[in-house]
Amino acid sequence: MAKRHLTEPAKPKLLVLDETTIDPSCLETFPYEHPGKEVVVEIDTDEFTAVCPWSGLPDFGRVTIRYAPRTRVLELRSFKFYLLTYRNVGIYQEHAARRLLDDLVRVTRPRWMELSLDYKIRGGVHTVCRATAGGGGARMHRGERGRSAR
């Protein structure tokens, strides 16, 4: 009987792009018609996908954004397209949260904004990354929800 030689299993070729492919130019806003009167906007989606820069395997997460618009409101269709630009980007989870927040703040210029990126459990480890801009952060870190900033 002939000996079979075991070979390394074939590794799939995974497409991993760098952060330069993230495209904030697709983000759009519209005017907030009640400047000076605060409203808290909460946006939530579980369709965030990026790629682990080490393994090339996908990371899936739920993005929650809370903010008080000053003069501009985020247009949701454009936000969906923006999230799609992360699909094959190799980015650390913590960096993704900060990058998302920075791009959203740059386009909306809110009174304050909070972002939470809750990743699906991978390898038995659950990660939630939170980032804030303006005065909203104290509520998010204490776990309070539904209160507006003063």
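Taken together, the values in this text are just the output of simple stated rules run on the coordinates, not laboratory data. All values derive from a computational prediction rather than experimental measurement. Because the Cβ atoms are built from the backbone with ideal geometry, glycine has one as well, and the counts that use them run over all protein chains shown.
With respect to being touching a helix residue (DSSP H, G or I) at 6+ places or on another chain (Cβ under 7 Å) and among the hydroxyl-bearing types (Ser, Thr, Tyr), Thr85 fits the description. None of Leu104, Leu74 is more than 19 Å from Glu19 (Cα to Cα) and touching a Leu at 6+ places or on another chain (Cβ under 7 Å) except Leu74. Could you check region 55-68 and list, in sequence order, the residues that are touching a strand residue (DSSP E or B) at 6+ places or on another chain (Cβ under 8 Å) and more than 19 Å from Arg130 (Cα to Cα)? Once the filter is applied, which keeps residues that are touching a strand residue (DSSP E or B) at 6+ places or on another chain (Cβ under 8 Å) and more than 19 Å from Arg130 (Cα to Cα), region 55-68 yields Gly56, Leu57, Pro58. On the given criteria, is Val41 surrounded by 11 or more Cβ atoms within 10 Å (Cβ to Cβ), within 29 Å of His126 (Cα to Cα) and without any contact (Cβ under 8 Å) to a residue 60 or more places away in the chain? So Val41 fits the description; yes. For Asp46, indicate whether it is more than 19 Å from Asp103 (Cβ to Cβ) and loosely packed, with under 14 Cβ neighbours inside 10 Å. It is true that Asp46 is more than 19 Å from Asp103 (Cβ to Cβ) and loosely packed, with under 14 Cβ neighbours inside 10 Å.
Checking each residue in region 32-62 for being under 12 Å from the mean Cα position of the chain (by Cα) and of a type in the set (D, E, K, R) picks out Asp44, Asp46, Glu47, Asp59, Arg62. Could you tell me which of the residues Thr7, Thr20, Thr29 is over 17 Å from the mean Cα position of the chain (by Cα), free of Cβ contacts under 8 Å to residues at least 40 places away in the same chain and either over 19 Å from Arg130 (Cβ atoms) or surrounded by 15 or more Cβ atoms within 10 Å (Cβ to Cβ) (or both)? That would be Thr7, the only listed residue that is over 17 Å from the mean Cα position of the chain (by Cα), free of Cβ contacts under 8 Å to residues at least 40 places away in the same chain and either over 19 Å from Arg130 (Cβ atoms) or surrounded by 15 or more Cβ atoms within 10 Å (Cβ to Cβ) (or both).
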